[in-house]
Amino acid sequence: MKNFLAFITVLVLGYMIVVSLDNNEAFPAYGEADVSSRVSQAFIDRSVTEDPGDIIFGQATNLESGPANIVTAIVADYRSFDTLGEVTVLFVSSLGVALLLGGKKQKRLELNFHPNFMLRVGSRALFGIILMTGVYIAIHGHLTPGGGFPGGAMIASSMLLLYLADDEFRAKIKGFKMLESFAGTAYVLIGLTGLLLGGYFLENLLDNGVIGDLFSAGIIPIVYVLIGLKVGSEISGIIDNFLTEEGV
Amino acid sequence: MLQYAAIAMLMLGLYGLLTQRNIIKIIVSINILEIGLNLFIVSVGYVEGGIAPILTSDFNNNGLVFVDPLPSALVLTAIVIGVGTTALGLALAKNIYQKYGTFEIDEMGEE
Amino acid sequence: MDLVNIVEIIVSVLMLILAFLAINSKSLVKSVMFLSALSMLAVVGFVLMKAPDVAVTEAVIGSGLVTSLFIFTLLAARKVGNK
């Protein structure tokens, strides 16, 4: 009976969604969205403050926002303040996990399988490659798909590989905590510097350069690398909390 | 088609959230709801024949037809918040298991 | 009916089946595995909708880290139960 009631509720919800999507100007049909009538067109043209004209890859200079990847331009430049809040949410959740599972932890959780020699050595070799891929993705966030969030998560998954391949291994959690605090503080300090010198929070003070170069887009690669470090160390801390327990 | 699949997944996630009595299953349902919602938000910005919103040496000017980049940016942050909430929920589940010895909600409270 | 549409339909149907199985399977480990496979298919969906940034993030986080966190919780629970 309860399941039937839940089924009816869900069906009514689905019917309401489908009906409200039908013939609605705000939600056009799948594949027929008109980007030029939306606010996104201003982000694509980089014309929020003034219209720079045509943007050609590898030639346009001194845009209001430099990255070639438009999603990065939104995440780390136009809406950077949102991203600061979002990183804070992740920080609070990792703090909550540490509070719930923390305490005096000494020992690794004992698993049923014990890795052999080949697995240990092989995963040490893979660890470097995965770590480098994560750092590469974080550094090239303004040119290619990816950026700080997947880069940081990839750094954390390389730590996860080490944890799985060696049942004695424990990362230096103090180092991670210091790295996390450093990255978070540096993000806020960059924002405050922009506020003092440029007039508003997270103002892009450095030169934007030519769109498409590695050293372009001003502070955006720096901010994205900091986000990557922060996300990576937070998720590594969460993994360590899940894989340790109190003991001798 | 993908948009309707996203709506159906959203409904399935809500159904699981309402009917399941196991903590792990509830967190799995929340994850399914989240994936469905992310797919739906991205599908709102899809343009037929558009290209991914990245300037490269092949697609090199802003006059081309791009897919809407704003839903992508929103979903990018939503996924990372999702892993944070999932980790917090699982930490709570682990503590509940240590206290009651079960994941089933109905079997708790008779310690 | 070109290839992209066919892939879209296959991915949609498979995602719905996997979501149903993940909610209704009896074993918790199987449920988590179905969730991981669902995440991987959602990556294909994001690529089909031309959102590569989201696809990379979902591939790393959704099917890698979240699954491992679920499995660690289940392993710790099983160990306490054996005592």
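Those residues that are of a type in the set (S, T, N, Q), within 9 Å of chain B (Cβ to nearest Cβ) and farther than 20 Å from C:Ala51 by Cβ, I need them from region A:48-72; list them, please. Don't jump to the end; show me each part of the working.
Here is the first cut: in region A:48-72, the ones of a type in the set (S, T, N, Q) are A:49, A:59, A:61-62, A:65, A:69, A:72.
Filter again for within 9 Å of chain B (Cβ to nearest Cβ), leaving A:59, A:69, A:72.
Hit for region A:48-72 is A:Gln59, nothing else.
Would you check if there is a residue in region A:138-148 being β-branched (Val, Ile, Thr) and in contact (Cβ under 8 Å) with a residue 60 or more places away in the chain?
yes
Among the residues of region A:94-116, are any hydroxyl-bearing (Ser, Thr, Tyr), assigned by TED's automatic domain parsing to the domain that holds A:Ile222 and either exposed (fewer than 13 other Cβ atoms within 10 Å of the Cβ) or closer than 23 Å to B:Lys94 by Cβ (or both)?
Step one: list which residues in region A:94-116 are hydroxyl-bearing (Ser, Thr, Tyr), which gives A:94.
When the remaining residues are screened for being assigned by TED's automatic domain parsing to the domain that holds A:Ile222, the result is A:94.
Okay, now just the ones that are also either exposed (fewer than 13 other Cβ atoms within 10 Å of the Cβ) or closer than 23 Å to B:Lys94 by Cβ (or both), so A:94.
For region A:94-116, residues hydroxyl-bearing (Ser, Thr, Tyr), assigned by TED's automatic domain parsing to the domain that holds A:Ile222 and either exposed (fewer than 13 other Cβ atoms within 10 Å of the Cβ) or closer than 23 Å to B:Lys94 by Cβ (or both): present.
Read through the list (1) over 17 Å from A:Gly212 (Cβ atoms); (2) more than 9 Å from every other protein chain (Cβ to nearest Cβ); (3) of a type in the set (Ser, Thr, Tyr), then give the number of the only condition that A:Ser40 fails.
Every listed condition holds for A:Ser40 apart from (2).
Results for (1) in contact with a helix residue (DSSP H, G or I) (Cβ under 7 Å, 6 or more places away or on another chain); (2) of a type in the set (A, V, I, L, M); (3) loosely packed, with under 14 Cβ neighbours inside 10 Å, shown as yes or no for each residue.
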{"site": "A:Ala6", "(1), (2), (3)": "yes, yes, no"}
{"site": "A:Leu11", "(1), (2), (3)": "no, yes, yes"}
{"site": "A:Ser20", "(1), (2), (3)": "no, no, yes"}
{"site": "A:Ala26", "(1), (2), (3)": "no, yes, yes"}
{"site": "A:Glu32", "(1), (2), (3)": "no, no, yes"}
{"site": "A:Gln41", "(1), (2), (3)": "yes, no, no"}
{"site": "A:Ile44", "(1), (2), (3)": "yes, yes, no"}
{"site": "A:Pro52", "(1), (2), (3)": "no, no, no"}
{"site": "A:Gly58", "(1), (2), (3)": "no, no, yes"}
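Name the helices (runs of 4 or more DSSP H) wholly within region A:1-109 that hold at least 3 residues that are more than 30 Å from A:Phe149 (Cα to Cα) and modelled with pLDDT of 80 or more? Steps first, answer last, please.
On the way: elements: A:2-21, A:40-45, A:70-73, A:80-101.
Passing ranges, in order: A:2-21.
In region B:84-99, how many are in contact with a Gly (Cβ under 8 Å, 6 or more places away or on another chain) and either farther than 14 Å from C:Thr73 by Cα or not in a helix (DSSP H, G or I) (or both)? Reasoning before the result, please.
We begin by selecting, within region B:84-99, every residue in contact with a Gly (Cβ under 8 Å, 6 or more places away or on another chain); these are B:88, B:91.
After this cut, where a residue has to be either farther than 14 Å from C:Thr73 by Cα or not in a helix (DSSP H, G or I) (or both) as well, the list is none.
Adding up the residues that qualify gives 0.
Quick one: C:Asn24 ticks every box in (1) more than 10 Å from chain B (Cβ to nearest Cβ); (2) surrounded by fewer than 19 Cβ atoms within 10 Å (Cβ to Cβ); (3) polar (S, T, N, Q) except a single one, so which number is it?
(1)
Quick check on region B:52-62. Is at least one of its residues at negative phi, more than 7 Å from chain A (Cβ to nearest Cβ), part of a loop (DSSP other than H, G, I, E, B) and touching a Pro at 6+ places or on another chain (Cβ under 8 Å)? Walk me through how you get there before you give the answer.
Keep residues of region B:52-62 that are at negative phi, which gives B:52-62.
So of that shortlist, the ones also more than 7 Å from chain A (Cβ to nearest Cβ) come out as B:52, B:58-59.
Cutting the leftovers down to part of a loop (DSSP other than H, G, I, E, B) gives us B:52, B:58-59.
From what's left, touching a Pro at 6+ places or on another chain (Cβ under 8 Å): B:52.
The answer is yes, given that some residue of region B:52-62 is at negative phi, more than 7 Å from chain A (Cβ to nearest Cβ), part of a loop (DSSP other than H, G, I, E, B) and touching a Pro at 6+ places or on another chain (Cβ under 8 Å).
The values are calculated or read from the model by the stated rules, or taken from the named source; none is laboratory data. On a predicted model such as this, the values are computed, not experimentally measured, just so you know. Methodologically, a virtual Cβ is constructed for each residue, glycine included, from the backbone with ideal geometry; neighbour enumeration extends over all protein chains shown.
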